[in-house]
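Chemist: Sharing a structure below in structure tokens format, with a few things to ask.
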Amino acid sequence: MRERSGHGHRAAAVALGCVLSAAALTACGDDGDGSSPTTTAASSPDAASFSGLPPSALASEAASAIASARSSASAAASSAAARASEFEASVEAEAARAGQAAQRELEKVDGRGNAVSDVGMRGVPRSQTSGLLAVLVTITNKTDATASYAVQVDFEDASGKVVETRFAGAEDLAPGKQEQPVVFSRQPADAQLTPRLAKAQRY
């Protein structure tokens, strides 16, 4: 019985040794003679299926691309803002020039002028003008010939006193055509003023 028991222990030891040897061989890899089957072990994914760049390099490239995109977007926004500013300045300059021409023309006019019936006015909502008082002036050439127009708008307070006078104009307006310049009051936004068409001259 003891011999059997000893034999059993020896067999178990041999088996354990084989297991450990197999594990060692698996960990070390095939000996290269091709005579022994290889055991598949956990390994890293095939590097060929990736870009070959480490995570830090990928992150760096992504950050660079984002920075480049932001820079391009910022440049585009700045360019658009510059163009809008130039356009606004151009419109204001043209309106100022037309207003000055209208003022010079109306200095020659006695009374209200010959084109009051060709001009209409309506207020522009303050929500669209940052609170400023503004008037949309509609000038219509009701004649059969090209003509220019000069318009004077007076802003009056509650007593009827003229607080401010502004000018607008339309030049070389074709028959039946309209122009709609906007006249702004430069008075404080809380001023209670009423715009009135004072003069309109066709020339």
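Chemist: How many residues are of a type in the set (F, W, Y) and buried (at least 21 other Cβ atoms within 10 Å of the Cβ) when one looks only at the stretch 156-184? Break it down stepwise before answering.
Modeler: If we filter the stretch 156-184 for residues that are of a type in the set (F, W, Y), which is where we start, we get 167, 184.
Of the ones still in play, those that are also buried (at least 21 other Cβ atoms within 10 Å of the Cβ) are 167.
Of the residues in that region, 1 qualify.
Chemist: Something else: Could you tell me whether the stretch 111-123 includes any residue that is open to solvent by 60 Å² or more (accessible area, probe 1.4 Å), assigned to a strand (DSSP E or B) and among the charged types (D, E, K, R)? Walk me through how you get there before you give the answer.
Modeler: In the first step, residues of the stretch 111-123 are kept if they are open to solvent by 60 Å² or more (accessible area, probe 1.4 Å); the result is 112, 114, 117, 121-122.
From what is left, the residues that are assigned to a strand (DSSP E or B) are 121-122.
Subset that is among the charged types (D, E, K, R): 122.
The answer is yes, given that some residue of the stretch 111-123 is open to solvent by 60 Å² or more (accessible area, probe 1.4 Å), assigned to a strand (DSSP E or B) and among the charged types (D, E, K, R).
Chemist: Go through the stretch 185-203 and give me each residue that's out of contact with any helix residue (DSSP H, G or I) (no Cβ under 7 Å at 6 or more places or on another chain) and crowded, with 17+ Cβ neighbours inside 10 Å.
Modeler: Kept after step one, since they are out of contact with any helix residue (DSSP H, G or I) (no Cβ under 7 Å at 6 or more places or on another chain), are these residues of the stretch 185-203: 185-196, 198.
Correct list: S185, L193, P195, A198.
Chemist: Tally the residues that are modelled with pLDDT of 95 or more, in contact with a Lys or Arg (Cβ under 9 Å, 6 or more places away or on another chain) and not in a loop (DSSP other than H, G, I, E, B), restricting the search to the stretch 174-195.
Modeler: Counting residues in the stretch 174-195 that are modelled with pLDDT of 95 or more, in contact with a Lys or Arg (Cβ under 9 Å, 6 or more places away or on another chain) and not in a loop (DSSP other than H, G, I, E, B) gives 1.
The values are calculated or read from the model by the stated rules, or taken from the named source; none is laboratory data. What you see is a predicted model, and the numbers here were worked out from it, not measured in a lab. We place every Cβ from the backbone using ideal geometry, glycine too, and count neighbours over all the protein chains shown. Ligands, DNA and RNA are excluded from the accessible area calculation, which covers all protein heavy atoms including side chains. Shrake-Rupley method; radii C 1.70, N 1.55, O 1.52, S 1.80 Å.
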